[in-house]
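Throughout, read-outs are computed from the coordinates displayed, never taken from laboratory work. Worth saying up front: this structure is predicted, and the values here are computed from it rather than measured.
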Amino acid sequence: MLHQTIGLIVQTLVPVQRPRDERGLSQSTENAILLAGAAAIAVLIITVITAFVTDGLADLG
């Protein structure tokens with residue numbers, strides 16, 4: 001009897017939980033995609049600057 005009463009009290013006090021929203025990517029996947037994008041942009045910038053400097057040095061010599 002006591003256990004049933006305590007169970008009833010706990011059920012009335014604990015809010016009903018909604019199901020989790022499982023849409024979207026996990027946080028680690030999002031971080032990996034953003035890191036890969038940032039690395040690709042960095043490589044592109046370094047390539048452009050290297051080409052610009054190399055062309056500038058070729059004009060001097």
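How long is the gain from Leu60 to Asn31 if the chain were fully straight, where each residue apart is worth 0.36 nm and the alpha carbon distance is subtracted?
Length gained between Leu60 and Asn31: 6.1 nm.
Which one, Thr47, Thr12, Thr29, has the greatest fluctuation when you compute a Gaussian network model over the chain with C-alpha springs under 10 angstrom?
For the chain, modelled as a Gaussian network with Cα springs under 10 Å, the answer is Thr12.
Counting each DSSP H run of 4 or more residues in the chain as -39500 (n - 2.57), what helix-only mean residue ellipticity at 222 nm follows after dividing by all residues, to the nearest 500 deg cm²/dmol?
-26500 deg cm²/dmol
Apply the Karplus curve 6.51 cos²θ - 1.76 cosθ + 1.60, θ = phi - 60°, to the phi angles in the range 23-37 and return the couplings in whole Hz, x for Gly and Pro.
Result, ordered by residue: 6, x, 8, 6, 4, 5, 5, 4, 4, 5, 5, 5, 5, 5, x Hz.
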